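What follows draws every value from the coordinates through simple rules; no lab data is involved. Given the structure is predicted, the values throughout are model-derived calculations rather than measurements. Neighbour counts run over all protein chains shown; Cβ positions are idealised from the backbone, glycine included.
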Amino acid sequence: MFDLVNAFLPNVMEVVANEFFRSGMAYIGAGIAVLTGFGTAIGQGIAASKAVEAVGRQPEAAGKITSTMLIGQAVAETSALYGLIIAFILTGK
């Protein structure tokens, strides 16, 4: 595979070894990693809206619904935090 790439693109290895290319790719990766926050925000918003609907239908179960929703949102938030940590790691290189 390496010989095939080297035959068609002889200057690939010079570009990959360039420190600016590596840092640029790290910044692009960090930007993609931060995008995990958008999915998390949408998911948490949907979960909160469904919890409010459930409390509206059964007000006597408000405590149980709220605690379940908060646990679910805490678990969902971890994916955004992982994305943020990955972004910090990539920008530090």
* Name the residues in the stretch 62-93 that are basic (Lys, Arg) and farther than 18 Å from residue 52 by Cβ, would you? -> 93
* Being touching a residue at least 40 places away in the same chain (Cβ under 8 Å) and not aliphatic (A, V, I, L, M) narrows it down to one of 83, 63, so name that one. => 83
